[in-house]
1. So who's got an amide H within less than 5 Å of the one on B:Ala103, skipping anything under 5 residues away but keeping other chains? H placed 1.01 Å off N, in plane.
2. Using the Karplus equation 6.51 cos²θ - 1.76 cosθ + 1.60 (θ = phi - 60°), what ³J(HN,Hα) coupling, rounded to whole Hz, does each residue of region B:13-18 give in order, writing x for Gly and Pro?
3. When the label point is put 7 Å from the Cα of B:Trp336 along its Cα-to-beta-carbon vector, which residues of region B:168-211 have a backbone N closer than 13 Å?
4. Would you mind counting up the charge near A:Asn192? Only other residues with Cβ under 9 Å from its Cβ, with Lys and Arg at +1 and Asp and Glu at -1.
5. Determine ³J(HN,Hα), in whole Hz, for all residues of region A:184-194 in sequence, where each value follows from phi through the Karplus function 6.51 cos²θ - 1.76 cosθ + 1.60 and θ = phi - 60°; x replaces Gly and Pro.
6. Once you place label points 7 Å from the Cα toward the Cβ at B:Asp99 and A:Asp226, how far apart are they in nm?
7. Listing B:Asp364, B:Asp33 from the residue with the fewest other Cβ atoms within 10 Å to the one with the most, what is the order?
8. Starting from 0 in steps of 10 Å, tell me what percent of the Cα-Cα pairs of region A:156-274 lands in each bin.
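Computed from the coordinates by the stated procedures, all read-outs in this text should not be read as laboratory data. Keep in mind the model is a prediction, meaning the values are calculated, not measured. For neighbour counting, all protein chains shown are included, and Cβ atoms are generated from backbone atoms with ideal geometry for every residue, glycine included.
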Amino acid sequence: MKKSIILYLHAHQPYRVKNYSIFEVGKNHDYFSCDDSDSNGNQKIIDKVSEKSYLPTNKKLIHLLNSYPDFKVSLSITGTLITELEEWAPDVLQSFVDLVNTGKVEIVAETYHHSLAFFYSLQEFEIQVRMHREKIESVFGQTPKVFRNTELAYNNDLAIWADKAGYKGLLAEGWDKVLGWRNSNHLYKPINTQNVKLLMKNYKLSDDIAFRFGNRNWSEWPLTADKYINWINDSQDSEIFNLFMDYETFGEHQWEDTGIFDFLENMVPIWLKDSNNTFMTVSEAIDNYEVVDAIDVPETITWADTERDLSAWLGNAMQQQAIKAIYSLSSKILGTDDWSLIEDWRRLQTSDHFYYMCTKYFNDGDIHAYFSPYKTPYDATINFMNAWHDLRFRLNEKGVEI
Amino acid sequence: MLGWELPPHNSGGLGVACFQLCKSLAKNNVDIDFVLPYKTDQENDFMKIHSTTPMHFSKLKNHLNAYDGMDYLSSHAVTSEQLNYEHFVAEKAKENEYDIIHAHDWLTFRAAMKAKQATNLPLIVHVHSIESDRSGGESGNPIIRDIERLGLMMADKVIAVSQMTKESISREYGIPLDKISVVHNSLDIDELGELDDENVYQYIELLKSSGYKIVTNVGRLTIQKNITGLLQAAKDVIEVLPKTIFLIVGDGDQYQELIALSAELGILPNVIFAGFQRGKKWRDAFSVADLFVMPSVSEPFGITPLEAINYGTPSLISYQSGVSEIYKNCLKVDFWDKNEMANKIIGFLRNDSLAKTMTEMATDEIMSMNWDKSAKATISEYDKHKKVLA
């Protein structure tokens with residue numbers, strides 16, 4: 001059997017809450033639109049990331065997919081990003097459609113709103129998964145068969161759910177504490193499941209590209225495609241290499257001047273030079289390889305921070321209180337049948353909001369600060385809670401007791 | 001008269017108290033040259049304002065916070081502003097024929113001492129707060145303490161804004177009690193802006209109509225103000241009365257800590273942080289509330305409860321405040337007694353007739369307050385010292 005790289009890219013943008021003071025609560029129900037002067041406005045960020053990442057990366061990927069028959073890509077794209085692109089950058093959405101239309105791109109299922117609903121409300125989680133599936137079907141004409149949860153948050157319960165829901169595969173972090181003596185470079189299955197398979201991210205190889213590529217203080221800088229493919233080729237006891245990363249790695253997290261696009265362009269032919277090497281989508285990997293073992297994950301793991309747990313989103317009291325506050329409104333909000341109110345509530349479930357409230361300030365804090373539109377996690381908390389108060393204002397207007 | 005701030009560029013009560021006192025002194029025929037460290041928009045017809053730098057407040061504001069004692073060690077800006085200020089004051093004092101140097105709080109004390117050395121005029125230092133007040137009962141910045149000690153010793157007379165402050169000055173700096181006179185601050189209700197028909201806190205109005213009660217604090221978020229104590233009491237209040245909202249209006253070095261503390265106490269959804277506000281948003285914060293709480297560790301005077309009742313809201317205040325010496329129709333508690341604080345807040349919020357009576361009585365009480373009495377007491381100190389040295 002050939003060795004395969006499974007390149008999976010995750011594209012997502014949240015609806016960031018603007019600076020939203022208590023004085024706007026009850027007066028202005030638009031939490032997400034900034035005025036033109038605010039460089040952290042959602043539309044501005046879409047414009048910026050489209051120009052730096054989505055457009056050039058799609059162009060590059062389409063070129064590679066057309067040039068190399070064995071090159072394949074897996075992609076997840078959140079509902080919030082799709083609606084932002086529909087509204088502000090339809091040409092960029094079209095470039096994703098063009099990418100998928102190459103016939104060599106598999107779309108991965110997830111929640112529409114990039115939420116942590118699985119841990120708070122199974123009913124709400126299932127609605128968001130269905131919403132996402134329907135959106136993907138209507139925009140891309142594809143029905144996803146492999147599931148990833150937000151931030152690759154994964155545990156045994158999620159696997160049991162996905163198994164029952166009929167997914168053929170799941171993605172998770174290939175975290176050492178879970179794998180033990182095993183490595184991430186094989187197909188696994190979750191314990192206590194019938195059919196579903198598990199693909200585990202090779203975090204070292206993935207993060208070499210996603211996090212370290214442009215870091216001049218890294219001992220391996222500069223990372224050439226030759227060097228990188230040599231590492232992979234040297235790897236013993238391996239069948240598959242799960243390179244899972246943010247789509248925005250290309251051009252946004254790693255800027256063009258780091259050489260990231262050239263790296264992408266070069267690594268594909270260098271890997272394929274050996275006729276024993278190929279690329280597969282997530283489903284192809286599941287269909288073509290044998291399960292070697294069962295994986296037990298009683299505690300939730302994610303792909304973030306040095307802890308690989310949910311502490312980036314739920315580690316401090318502000319985050320816990322804020323997410324609890326949002327889900328405490330579930331039945332009241334859903335009971336209104338007001339779709340604009342429900343959608344705003346769902347947009348506030350996006351995990352990014354809680355990430356901005358994170359107070360871990362050491363190694364991981366750097367990354368948090370890079371991704372946050374706010375000066376401090378405290379500002380993030382206040383803006384978010386004010387939006388929450390406004391949801392309650394709107395509930396009250398509808399005669400719901402608050 | 002030497003001061004560090006005046007409205008509209010005040011960071012707290014100091015500027016307002018200076019302004020009101022001067023206005024009443026002027027009505028009693030005192031001619032005042034008021035020296036400020038910045039250029040101001042303040043316009044008035046009762047005193048002359050001199051600025052020691054041509055720079056407008058807006059250019060300097062980050063450097064001049066009169067209360068930020070711990071920054072003083074590290075901030076070149078404050079020290080260099082003080083040097084400018086000292087030179088200006090010493091020159092000014094020599095040029096003109098003054099009767100008295102009247103200096104407000106430590107930031108002006110070095111200038112005041114220089115001016116006294118240059119002219120041998122009588123010096124009255126007016127203490128609105130001392131370093132231990134501002135540092136929440138801790139000893140604070142030793143350099144500032146030295147400046148305070150020297151100023152208090154060099155002064156011919158010390159005016160304290162409360163009996164409590166008088167006692168702290170004597171206790172902490174060994175100043176004889178008979179060198180210190182108490183002149184309480186007051187309230188000029190004509191100076192306070194009026195409410196209009198629509199409160200700017202619309203959401204909070206809506207909560208009230210849904211049965212919520214509102215407790216507010218308006219002030220700097222620093223250790224002195226003991227908002228941490230208020231939030232701890234709030235937790236107990238919310239357990240008993242879940243429909244209670246705590247509205248915190250202000251900014252300060254504890255801003256972030258207080259947000260985190262609200263979350264840790266599990267009451268984040270019940271605490272609303274509105275940031276620093278002036279004007280209508282400041283006034284409406286008082287009027288939207290059912291109860292104003294001033295839980296300060298140490299409040300040399302503390303005018304806000306009087307401002308609150310002017311906007312129709314009675315108060316719970318700590319005994320450790322100067323205003324508690326003169327304000328009768330309010331609830332009082334020791335700042336450290338969180339249980340009693342919670343108990344009194346709950347008792348008040350549950351008792352509409354108590355709220356109504358307290359509001360009526362307290363409103364009557366402030367109607368009779370004015371600065372004229374404070375001005376007359378100040379003038380009598382001027383007269384004594386003019387004569388002594390003449």
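1. B:Leu2, B:Ile124, B:Val125, B:His126
2. Running phi through 6.51 cos²θ - 1.76 cosθ + 1.60 with θ = phi - 60° gives x, 4, x, 5, 4, 4 Hz.
3. In region B:168-211, the label zone of B:Trp336 (backbone N under 13 Å from the point 7 Å along Cα→Cβ) covers no residue.
4. So the surrounding residues net to -2.
5. Once θ is set to phi - 60°, the couplings for region A:184-194 become 7, 8, 9, 8, 10, 10, x, 5, 6, 10, 8 Hz.
6. Spacing of the two 7 Å Cα→Cβ label points: 9.3 nm.
7. Going from least to most buried by this count: B:Asp364, B:Asp33.
8. 13, 37, 31, 16, 3
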